[in-house]
Amino acid sequence: MKLAILFLLLLPLCLAKPFYQRGLFDFMLEDEAGSGTPEPTAYPPMPVCPFRCQCHLRVVQCSDLGLKEVPKELPPDTTLLDLQNNKITEIKDGDFKNLKDLHALILVNNKISKISPGAFSPLKKLERLYLSKNNLKELPENMPKSLQELRAHENDIVKLRKAVFSGLNNVIVIELGTNPLKSSGIENGAFQGMKKLSYLRISDTNITTIPKGLPYLLD
């Protein structure tokens, strides 16, 4: 009888599973598996600097590279774009389509003879535009109303239409020296409404009379 009772007491121990010592790593795995933590957020890739150009602190320098056109895929946060000393012949619509924060554009010493009417339209914050030492016969219309400084000396400019400066009421500096521009090539009222204009350089041109409609700051 005693033997039967002892057998019944030992039976549960024999049927029990062996004891397994769990470590901290096991609990960490369980916690990670059941935490429901979302996957890391996938951030968009950083803007790529155009080939051979240098990009730093929103300044893109693509000068002296022998470029024949404006580079594609310019970083959209660019504030200064330097394209001087290249071989660019034309500025097309869409060349600056994503550069809404651009403040300064340097196109000096290229071979630009044509600028499409809407090329500068996206540049709502452009303040300084440097077009000197190119082959332009006329200045483009539809320049940004935010423009404060325009330099276009040493071109082939022979005509200055009234529409070129229409609405450019924030312009302070205009540089047109060393162009074959004549007095007859300046339309009446070309400078009308430019009340902030305080510097106008037209030396080394064929202008023989003072243009009409200049603001009082130049009188």
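Quick notes
- Based on C-alpha pairs under 8 angstrom that are at least 6 apart in sequence, segment 136-219 has a relative contact order of 28 percent.
- In this structure, the residue pairs whose Cα-Cα separation is over 31 Å, taken from K68/K196; K97/K159; K100/K133; K72/K212, are K68/K196; K72/K212.
- Charge-dipole axis of segment 47-132 as Lys and Arg at +1 and Asp and Glu at -1 on Cβ define it, positive-most pick from C55, I91, L126: I91
- Of the peptides 65-72, 101-108, the order by per-residue mean of other Cβ atoms within 10 Å, starting with the highest, comes out as 101-108, 65-72.
- For the pair segment 94-133 / segment 149-219, the C-alpha centres are spaced 19 Å from each other.
- Were the residues from N169 through K100 laid out at 0.36 nm apart, the gain over their Cα-Cα distance would be 22.9 nm.
- D93-Q192 pseudo-label distance in nm [points 7 Å out on the Cα-to-Cβ vector]: 2.8
Since every read-out is calculated from the coordinates, none of them should be taken as a lab result. Just so we're clear, the structure is a prediction, and the values are computed from it rather than from any experiment. Every residue, glycine among them, receives a Cβ derived from its backbone with ideal geometry; neighbour counts consider all protein chains shown.
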